[in-house]
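Student: Before we start, here is the structure in question, set down as structure tokens.
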Amino acid sequence: MNVLKSGERVVKPVLRGARNLRNCPHDGPIVTGVQVGLPQPDLGSPLTVALDRPGGEDAGHRSRKLGVLLVPMIMLAACTAAEPEPPAPVVTTQEFEQRLDEHLTRFASQVLEPDVQVSAPAHSRTAGCARGPSWGVVPRSETTVTAGDQAEKLLDDLQTWMLDNGFDGLFDADDNEWRAKRGGVFRELTGTSADGTQVIVRLPRDSPQFTITVTGPCTWPPDRDGGPSPSGRLAPLPAPSAPRSTVGSHYRDPKPCLSPKLYVFNGSAPAFTGPGPHPMVLADYTGTKEFDDPTFLYSEPYLPFGWEPDDQHQAQLLVCVHVTTTRAVWRKITCNYTNMPDLGSAPYEFDLLESIYRVTVREARSGRVVSETSIPGTVGDETSCPNRMDNYLRPLALRLDGKMLEQYLRPLYESAR
């Protein structure tokens with residue numbers, strides 16, 4: 001017969017197959033004496049367990065006996081140590097709410113354009129933490145950005161900036177594709193900062209608005225005593241990354257024109273200062289995103305001969321030309337491409353559209369706006385024919401008169417600064 005002597009604390013299962021009884025109270029009845037009687041080899045015999053209450057009660061009432069029939073496995077309940085409490089938060093709710101607003105402010109100042117509208121942050125708190133104590137608090141802040149037809153482009157810009165500034169786990173569902181969810185069709189961007197901030201950016205299809213939601217980790221609530229210092233627990237956010245340079249790309253990349261907070265033509269370019277001439281390069285584009293499908297064709301504008309340096313790294317200015325159209329001229333133009341074998345010699349007919357060429361001159365090294373204007377397209381003869389045709393679109397913008405562009409840019413090219 002196996003016997004455990006009275007006075008021994010049972011802290012582990014003593015028989016194979018025993019289950020743990022957790023969170024035993026320290027001041028309640030505990031097992032201080034166990035007698036196990038088991039004739040061998042009869043496994044069907046009863047098991048007698050004597051439980052004693054500590055404290056030296058009358059010897060006549062020292063035990064209560066419990067008979068257990070062991071068929072077919074012996075089970076013995078025993079106390080185990082309670083599971084450790086989850087780690088307490090190390091930062092207060094108030095301090096992390098300030099951090100969330102700091103993230104939202106950086107998004108606005110480093111990515112969003114000045115003409116978009118950004119709502120004041122809306123704050124909320126959720127009691128209970130998935131990986132922390134039940135009394136912890138998860139802070140949350142959300143802002144709404146109204147950007148018109150730039151909304152999707154700014155979502156892409158936000159993803160680029162987050163990639164450059166230490167956010168991990170960035171995921172734009174289905175490779176920038178729209179996906180159906182409850183309540184509509186959305187694009188969603190998610191990511192996590194090194195300080196534990198989680199970001200969700202959601203843009204409904206065809207909406208001029210998107211929301212930016214930032215959520216903190218488990219924090220110490222203000223109504224609970226004994227917490228960490230109310231401030232100074234979070235390390236300062238690192239300085240934002242510098243804009244990317246696009247000089248040297250295989251084509252004249254319009255990104256410094258479309259997203260001047262994220263890209264410059266050449267961060268190491270000579271400053272736009274001193275006596276002229278001030279070399280410049282030109283980038284033209286349509287739409288609000290770099291790879292928007294074109295809805296019309298146009299003849300590409302050019303700078304006067306000699307204004308663009310042989311080494312693009314020496315350019316001091318970037319001339320951005322954004323081509324837009326307004327309405328039909330109700331006139332057609334026929335273009336022949338006899339010197340372009342891929343297109344053949346057949347004539348191509350286009351419908352002319354009135355056009356506006358928005359010219360913005362930026363410093364190549366900083367993206368700073370030096371000058372800007374709008375020039376209407378006025379030329380509708382054969383010189384308006386597209387320089388190239390990636391596809392045959394019938395709408396064709398009236399051409400920008402090169403002399404009007406030169407007249408506007410010459411003072412910037414020649415004058416001392």
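Student: Take the residues in region 100-123 that are part of a strand (DSSP E or B) and of a type in the set (A, V, I, L, M); name whichever of them is nearest to V214 (Cα to Cα).
Tutor: Result: A122.
Student: Given the condition closer than 21 Å to L258 by Cβ, at pLDDT 90 or above and polar (S, T, N, Q), answer yes or no: does some residue in region 290-298 qualify?
Tutor: Scanning region 290-298, I find no residue that is closer than 21 Å to L258 by Cβ, at pLDDT 90 or above and polar (S, T, N, Q), so the answer is no.
Student: So, of the residues in region 383-403 that are surrounded by fewer than 17 Cβ atoms within 10 Å (Cβ to Cβ) and touching a strand residue (DSSP E or B) at 6+ places or on another chain (Cβ under 8 Å), which turns out to be modelled with the highest pLDDT?
Tutor: P395
For every residue, the table says whether it meets (1) surrounded by fewer than 14 Cβ atoms within 10 Å (Cβ to Cβ); (2) modelled with pLDDT of 95 or more.
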{"site": "H278", "(1), (2)": "no, yes"}
{"site": "L282", "(1), (2)": "no, yes"}
{"site": "Y285", "(1), (2)": "no, no"}
{"site": "D311", "(1), (2)": "yes, no"}
{"site": "A315", "(1), (2)": "no, yes"}
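Student: Tell me, which residue of region 99-133 that is more than 23 Å from K153 (Cβ to Cβ) and charged (D, E, K, R) is surrounded by the most Cβ atoms within 10 Å (Cβ to Cβ)?
Tutor: Per the stated criteria, the residue is R99.
Student: Is it the case, given these coordinates, that P260 is more than 21 Å from V116 (Cβ to Cβ), surrounded by 11 or more Cβ atoms within 10 Å (Cβ to Cβ) and not assigned by TED's automatic domain parsing to the domain that holds A108?
Tutor: So P260 does not fit the description; no.
Student: Determine which single condition S124 fails, assuming it passes every other condition in (1) more than 20 Å from T190 (Cβ to Cβ); (2) at pLDDT 95 or above; (3) of a type outside the set (D, E, K, R).
Tutor: (1)
Student: Hey, could you check region 140-162 for residues that are assigned to a strand (DSSP E or B) and in contact with a Leu (Cβ under 6 Å, 6 or more places away or on another chain) and say which is surrounded by the fewest Cβ atoms within 10 Å (Cβ to Cβ)?
Tutor: In this case the residue turns out to be T143.
Student: If you don't mind, there's one more thing I want to ask. Could you grab me the full set of residues in region 337-378 that are buried (at least 16 other Cβ atoms within 10 Å of the Cβ), modelled with pLDDT under 95 and either more than 43 Å from the chain's Cα centre (by Cα) or hydroxyl-bearing (S, T, Y) (or both)?
Tutor: Passing the criteria: Y337, Y348.
The values are calculated or read from the model by the stated rules, or taken from the named source; none is laboratory data. These numbers were taken from a predicted model, which means no experiment stands behind them. No Cβ is skipped: glycine too gets one built from the backbone with ideal geometry, and neighbour counts run over all protein chains shown.
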